[in-house]
Amino acid sequence: MVDPDANSNGNPTVREILPHLHEIAPLELAESWDNVGLLAGDPAMRIKTLMTCLSLTSSVLEEAIRRGVKLIVVHHPIPFKPIDRITTQTTTGKILWEAIGHGIAIYSPHTAWDNAPQGINRQLAQILQLGNLRPLQVSSKPEFAQSELGSGIVGDFASPTKLSDLWVRLERAIPGVRPRCTDPQDSHVVRVGIVCGSGASLMPLALKHQCEAFVTGEATYHQSLEAQAQGVSMLLMGHFASERFAMPKLASMLQERLPNVECFASQTEQSDF
């Protein structure tokens, strides 16, 4: 339902906000398996308050309702996989039912924000102070063929750098980082691959680039063993820590573009994994 009182305040509609979201994180940069874009809501609804978050949990939704949020930009899509019904008998169904019941629209940029020019992977590369940045895999989309955008990031240090120095830089910049590494030695590395979240499946791309270290959020036991076997030092930040830090940045970028909308990141979201 459109708020009839919002027109005089100059609040944009969801439809008018979408181009700004696309400018920040073009959906064409999303992985082919992803579910991105406007996932729930009325494009004609006017928005006064917008919140970014990593995952739309019941507690985050409660915060959104309490603060009068009408558009949630959530990193992890909900729903992610196709569903044939929305009922309160499932976690996803319950959250969607309550959000829709409160007139809250849901948008997810997910891997488009991971891979964006100022997205999560490039922010991590900047924190580590890497240079010569390029994607692990250049996008196959024609519009990005000449732009050096795509999946993940690979970069180089100007000189060999200890793995412990990487952790110091990450811990100083990102709250809640829980460092783990498959390399028991404090090795020196020059080339580093980065994929935030559950990015270990892209480690073969890091091998093609001859990366000596690979930074991601989480990996399975067998993926960690494979990294050891291939001589790659895999650094695991924790899924939450590897992505959540970028949600305030996304909110601030949207605030710059949407002066008539209050944009902020969730203040209650937290996780130990």
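Any read-out appearing in this document is the output of simple, stated calculations on the displayed coordinates, not a laboratory observation. As the structure is a computational prediction, the values presented were derived from the model and not from experiment. Note that each Cβ is placed from the backbone with ideal geometry, even for glycine, and that neighbours are counted across all protein chains shown.
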Report the gain in length on full extension from Ile83 to Glu256: 0.36 nm times residue separation, minus Cα-Cα distance, nm rounded to one decimal. 58.8 nm
How big is the dipole moment of the chain about its Cα centre under a simple scheme where the beta carbon of each Lys and Arg is +1, that of each Asp and Glu is -1, and everything else is neutral? Debye, nearest 20, please. 140
Per residue Cα convex hull volume in Å³ - calculated over the range 114-243: 94
Looking at the range 114-243, send over the antiparallel percent of its DSSP beta bridges, to the nearest 5. 60
Any idea how far apart Gln230 and Asn9 come out in nm if each label point goes 7 Å out from Cα toward Cβ? 5.1
Residues Ser32 and Ile65, FRET efficiency given R0 of 25 Å [Cβ-Cβ distance, rounded to 0.05]: 0.15
The size of the Cβ-based charge dipole (Lys, Arg +1; Asp, Glu -1) of the range 1-122 about the Cα centre, to the nearest 20 debye, is 240
Which angle from 0 to 90°, rounded to the nearest 10, does the C-alpha axis of helix 246-257 make with the longest principal axis of the chain? 50
Neighbour-limited loop hits for GluC sites (Glu not before Pro), the range 191-273 (at most 16 other Cβ within 10 Å; DSSP other than H, G, I, E, B): none
What lysines could a cross-link reach from Lys141, if we take a straight Cα to Cα line under 30 Å and drop same-chain neighbours fewer than 8 places away? Lys81, Lys208, Lys249
Listed residues Met45, Ala25, Thr90: farthest to the positive end of the dipole of the range 1-94 (Cβ charges): Thr90
Under a GNM of the chain (C-alpha, springs under 10 Å), which listed residue has the highest mean-square fluctuation: Asn11, Asn115, Asn132? Asn132
Phi-derived 3J(HN,Hα) across the range 107-113 with the Karplus relation (6.51, -1.76, 1.60, θ = phi - 60°), rounded Hz, x for Gly and Pro, is 10, 10, x, 5, 5, 5, 6
Along the charge dipole of the range 121-273, which of Leu170, Pro142, Leu225 sits closest to the positive end, that is, farthest toward it, with unit charges on the beta carbon of Lys, Arg, Asp and Glu (+1, +1, -1, -1)? Pro142
If you keep only loop residues by DSSP, which GluC sites (Glu not before Pro) in the range 68-153 have at most 14 other Cβ atoms within 10 Å of their Cβ? Glu148
For Lys70, which aspartates and glutamates qualify as cross-link partners when the Cα separation must be under 17 Å and same-chain residues fewer than eight apart are set aside? Asp3, Asp5, Glu16, Asp42, Glu62, Glu98, Glu262
